[in-house]
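The values are calculated or read from the model by the stated rules, or taken from the named source; none is laboratory data. A quick note: this is a predicted structure, and the numbers were derived from the prediction, not measured. All Cβ positions, even for glycine, are placed from backbone atoms using ideal geometry, and neighbour counts span all protein chains on display.
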Amino acid sequence: MKFHLKTLVLIFPLFLTSAFSFALSPLVQYNDLVAGEGIRGFEDGAFNDAQFNKPTGLALSEDGSILYVADWDNNRIRTIDLNNKNKVQTLVGTGERGYKDGPVSIAMLTCPRCVAVLPGNLIAVSEGFYGGDTVRIRLVDLNTKTVSTLAGGGQSYDDGDGQKELLSNIWSMVYSPSDNCLYFSEPESGRFEQFNLKTKVVKTLLFKNPLVPAPAALCLLGDMLYLADRDSGKVYGMAVTSLSNDASKKAPPISLTPVWDRGHSIVALAGYGSSLYAYDTAPVSETSPVSRILPDPGPLSFGSVWGEVISKSFAVLPHFSGVQAGTPVGFIADSRSDGRFFITNPVNCVVASFRDLGFGNLMSDGFITEFTYPKKKPFRTYRILMCGRSYLFYESDRRWDGGQLEAPGSNIMLLMSKKLELYLNSMAALEDVPVHFEVFNDGRVIDSLCYVWPYYETPKKVKDYDIDLVMVMMDAGQTSMGQFGQAPMTPEGIPQEAMDPEYTLKPDKEKYKTGPLREFFDLLEKRKTETKVAGEWSMEKLLADDQLKEKMEGLMGRPLGLLQKKFDESKTSWGVPPQVCICYFPQGKFPYKSHRAFWKEVCAKEKLAFIDMTDDFRAFRYTYFPISDMLGNDHFSKDGHTFMAQLLAHELIRGKIIPFKTADSP
């Protein structure tokens with residue numbers, strides 16, 4: 001692992017396309033910092049310089065661009081602008097404890113704990129921790145920039161007027177748009193309550209219920225409200241429609257549906273769609289503090305970008321480390337990126353994020369496809385699909401001390417696609433480029449050649465996952481016309497994807513009766529050129545004849561050109577059609593100059609992006625030896641995958657194939 005870190009540090013200065021910018025953008029990969037220097041204090045500004053003091057509750061603006069943070073010991077509500085490099089600012093609070101209403105510039109808060117976004121550009125804040133009349137729910141009006149008191153500060157727990165209500169310590173608070181109510185929990189008093197924002201009435205829904213004697217964490221998914229008991233770690237669901245607040249009607253008993261009983265000290269719930277997650281500060285497994293409750297129950301696995309499974313994530317990951325059992329934290333889903341979550345660590349004084357992409361076991365002995373990326377593309381994300389042979393998903397482990405080739409399987413985090421994704425995102429952060437990259441791996445062991453099968457296989461994935469760039473990895477061995485003799489031609493003038501054994505056995509004259517392929521063979525016969533060596537076409541001899549080469553360019557380039565035309569009929573979320581890019585690289589020790597010139601001309605005729613890595617390989621192959629096993633299939637080692645990814649990142653940026661402009665670029 002030390003090698004990869006050293007390689008990253010050494011090569012980055014070489015590959016960056018311009019001088020380092022002094023501005024730094026947040027990195028979005030898998031386990032990331034959102035904001036916070038990590039030292040207790042108070043400071044607004046850049047995300048990596050800002051200071052918090054025991055940050056707890058979180059909420060997102062309706063458009064997902066602003067993250068609101070309840071900064072407990074700073075007595076303030078802070079904002080993180082997710083559209084502006086996560087810049088941190090103070091929304092309300094002077095820093096002194098108090099309950100002063102009025103303009104946000106002078107209003108005072110006391111230990112804010114929960115935040116909930118309401119319609120109409122309003123924010124509800126729960127505060128206070130001493131109990132009694134110190135606990136209140138405040139309203140921040142972003143239109144008038146004023147603060148007022150909604151509920152709390154009264155002398156009685158009797159239901160009724162919110163401003164006359166006595167509240168206990170509020171642990172969690174959520175807003176339900178279907179009934180325009182705030183729901184909040186009070187584990188110390190054993191209450192789960194409802195506040196109607198229209199009538200301003202507080203109603204107790206549960207009180208010392210034996211199933212949830214200490215109601216704490218809340219999460220709303222659609223019309224289902226989920227509630228966790230802080231002490232037992234059990235989670236229940238209830239329909240919001242059953243929580244009627246109509247005083248003229250007698251509400252039926254609340255029906256609590258058990259959904260999880262494997263917790264210990266659940267302090268927060270979060271979710272999106274139909275997926276529900278729990279944060280347990282005393283996990284039963286003593287490994288992962290976060291579990292997926294719905295739809296596939298089980299603890300989450302966390303992996304590092306270096307390919308290690310972080311088995312003790314509860315103690316190791318700075319997102320969770322130091323948080324003691326029963327400590328309140330903020331935990332919410334990112335509304336603009338399915339599977340991503342924001343989380344606070346009040347001990348480390350940071351706001352962080354992680355993604356649930358189904359890491360699980362990073363090692364595989366068979367075919368590796370990809371993480372479970374959500375089909376919905378995250379905000380400002382550019383997606384790349386890498387197509388190629390087994391060198392994309394297999395990691396060789398040849399011993400160069402005289403030992404034999406070993407086959408340990410493959411670690412997905414060490415493969416080309418994941419390394420390319422990491423390098424592009426790291427460079428984007430360093431260069432202040434407001435784009436996030438995701439790179440999908442589509443390597444296959446298949447009879448069809450790389451210039452043919454993507455036409456058949458990639459359009460559905462491109463549509464389903466909103467792919468922006470299809471990068472066809474064309475190694476030297478793919479410069480072959482073999483498939484034209486193994487599969488019949490379609491009406492579009494390209495070979496069928498699957499090899500046809502019966503067709504293969506037919507004589508050439510019977511296979512190629514009309515069309516461009518017949519013209520190619522007629523020209524061969526006219527030239528009386530011997531183009532086969534040991535029964536196989538000699539590409540070097542074919543490419544040496546300009547007219548034959550021109551015919552081949554039309555035949556072999558047609559599937560790729562048709563693929564681009566198919567993509568031209570649609571647009572990605574960036575507002576442009578998906579792009580096809582051919583990346584040619586020499587395999588092993590043979591550069592094949594004529595091959596790279598061939599593919600360059602094919603791409604020019606078909607108007608496709610082209611990356612030629614031949615010179616890169618020539619210049620660096622001795623320095624970085626060995627990058628592959630140099631055996632039959634010439635599979636890359638883990639270091640070779642790293643090397644390739646760094647070269648690709650450089651070429652994609654240098655060739656302006658991907659969007660890589662700073663926020664201030666024209």
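Go through region 543-556 and give me each residue that's touching a residue at least 12 places away in the same chain (Cβ under 8 Å) and in a helix (DSSP H, G or I). Those that are touching a residue at least 12 places away in the same chain (Cβ under 8 Å) and in a helix (DSSP H, G or I): L543, Q547, L548, K549, K551, M552, E553, G554, L555, M556. Of the residues that make up region 585-608, is at least one under 30 Å from R336 (Cα atoms), in contact (Cβ under 8 Å) with a residue 24 or more places away in the chain and crowded, with 18+ Cβ neighbours inside 10 Å? Checking region 585-608: not a single residue is under 30 Å from R336 (Cα atoms), in contact (Cβ under 8 Å) with a residue 24 or more places away in the chain and crowded, with 18+ Cβ neighbours inside 10 Å.
The residue of region 129-164 that is farthest from F195 (Cα to Cα), among those that are touching a Ser or Thr at 6+ places or on another chain (Cβ under 7 Å) and surrounded by 17 or more Cβ atoms within 10 Å (Cβ to Cβ), is T134.
Could you list all residues from region 208-239 that are under 30 Å from the mean Cα position of the chain (by Cα) and small (G, A, S)? A216, A217, G222, A228, G233, G237, listed by residue number.
For the structure I just gave you, tell me whether P559 is assigned to a loop (DSSP other than H, G, I, E, B) and modelled with pLDDT of 85 or more. No; evaluated as a whole, the condition is false for this residue. Checking each residue in region 72-120 for being touching a Pro at 6+ places or on another chain (Cβ under 8 Å) and either charged (D, E, K, R) or not in a strand (DSSP E or B) (or both) picks out W72, N75, R76, R78, K85, N86, G93, R113, P119.
Looking at region 361-420, which of its residues are in a loop (DSSP other than H, G, I, E, B), at pLDDT 85 or above, in contact with a Pro (Cβ under 7 Å, 6 or more places away or on another chain) and not charged (D, E, K, R)? None; the set is empty. Kindly establish whether A23 is loosely packed, with under 15 Cβ neighbours inside 10 Å, within 14 Å of A429 (Cα to Cα) and either in contact with a Lys or Arg (Cβ under 9 Å, 6 or more places away or on another chain) or not charged (D, E, K, R) (or both). Considered against the rule, which asks whether it is loosely packed, with under 15 Cβ neighbours inside 10 Å, within 14 Å of A429 (Cα to Cα) and either in contact with a Lys or Arg (Cβ under 9 Å, 6 or more places away or on another chain) or not charged (D, E, K, R) (or both), A23 comes out as yes. Answer yes or no: is there a residue in region 453-468 that is touching a residue at least 24 places away in the same chain (Cβ under 8 Å), assigned to a strand (DSSP E or B) and touching a Lys or Arg at 6+ places or on another chain (Cβ under 9 Å). For region 453-468, residues touching a residue at least 24 places away in the same chain (Cβ under 8 Å), assigned to a strand (DSSP E or B) and touching a Lys or Arg at 6+ places or on another chain (Cβ under 9 Å): absent. The residue that is modelled with the lowest pLDDT, counting only those in region 252-272 that are part of a loop (DSSP other than H, G, I, E, B) and surrounded by 14 or more Cβ atoms within 10 Å (Cβ to Cβ), is I254.
One residue stands out in region 492-511 among those that are within 18 Å of G557 (Cβ to Cβ) and part of a loop (DSSP other than H, G, I, E, B): the one that is nearest to the chain's Cα centre (by Cα), namely E497. Within region 567-619, the set of residues being under 15 Å from P454 (Cα atoms), under 27 Å from the mean Cα position of the chain (by Cα) and not in a strand (DSSP E or B) comprises F567, P578. For K419, the test of being of a type in the set (D, E, K, R), surrounded by fewer than 23 Cβ atoms within 10 Å (Cβ to Cβ) and under 27 Å from the mean Cα position of the chain (by Cα) is failed. Residue check: D432 meets all listed conditions (1) free of Cβ contacts under 8 Å to residues at least 12 places away in the same chain; (2) on the phi > 0 side of the Ramachandran plot; (3) not hydrophobic (A, V, I, L, M, F, W, C) but one, namely (1). Is there a residue in region 295-305 that is under 19 Å from F47 (Cα atoms) and buried (at least 20 other Cβ atoms within 10 Å of the Cβ)? Scanning region 295-305 turns up no residue that is under 19 Å from F47 (Cα atoms) and buried (at least 20 other Cβ atoms within 10 Å of the Cβ). Here the condition is being more than 17 Å from E438 (Cα to Cα), crowded, with 21+ Cβ neighbours inside 10 Å and in contact (Cβ under 8 Å) with a residue 12 or more places away in the chain; of F643, F620, it holds for F643 alone.
Taking the criterion of being over 28 Å from V305 (Cβ atoms), surrounded by fewer than 24 Cβ atoms within 10 Å (Cβ to Cβ) and out of contact with any helix residue (DSSP H, G or I) (no Cβ under 6 Å at 6 or more places or on another chain), the residues of region 41-59 that qualify are G41, E43, D44. Residue count for region 218-243, restricted to those that are in contact (Cβ under 8 Å) with a residue 24 or more places away in the chain and touching a strand residue (DSSP E or B) at 6+ places or on another chain (Cβ under 8 Å): 17.
On the given criteria, is T642 assigned to a loop (DSSP other than H, G, I, E, B) and of a type in the set (S, T, Y)? No: the conditions fail for T642.
This table checks each residue for (1) touching a residue at least 12 places away in the same chain (Cβ under 8 Å); (2) out of contact with any strand residue (DSSP E or B) (no Cβ under 6 Å at 6 or more places or on another chain).
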| site | (1), (2) |
| --- | --- |
| L142 | yes, yes |
| V147 | yes, no |
| G152 | yes, no |
| D158 | no, yes |
| S168 | yes, no |
| W171 | yes, no |
| E186 | yes, yes |
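Surrounded by fewer than 21 Cβ atoms within 10 Å (Cβ to Cβ), farther than 20 Å from Y277 by Cβ, in the same structural domain as D334 (by TED's automatic domain parsing) and among the hydrophobic types (A, V, I, L, M, F, W, C): is that true of V240 in this structure? No; evaluated as a whole, the condition is false for this residue. Just one of the numbered conditions (1) under 18 Å from the mean Cα position of the chain (by Cα); (2) without any contact (Cβ under 8 Å) to a residue 12 or more places away in the chain is not true of V309; which one? Checking V309 against (1) under 18 Å from the mean Cα position of the chain (by Cα); (2) without any contact (Cβ under 8 Å) to a residue 12 or more places away in the chain, the one that fails is (2). Among the residues of region 422-465, just one is charged (D, E, K, R), surrounded by fewer than 19 Cβ atoms within 10 Å (Cβ to Cβ) and within 28 Å of T662 (Cβ to Cβ), namely D432. Here A476 does not fit the description of being at pLDDT 85 or above and in the same structural domain as L560 (by TED's automatic domain parsing).
Residues that are out of contact with any Cys (no Cβ under 8 Å at 6 or more places or on another chain), at pLDDT below 85 and farther than 18 Å from K418 by Cβ are absent from region 647-659 altogether.
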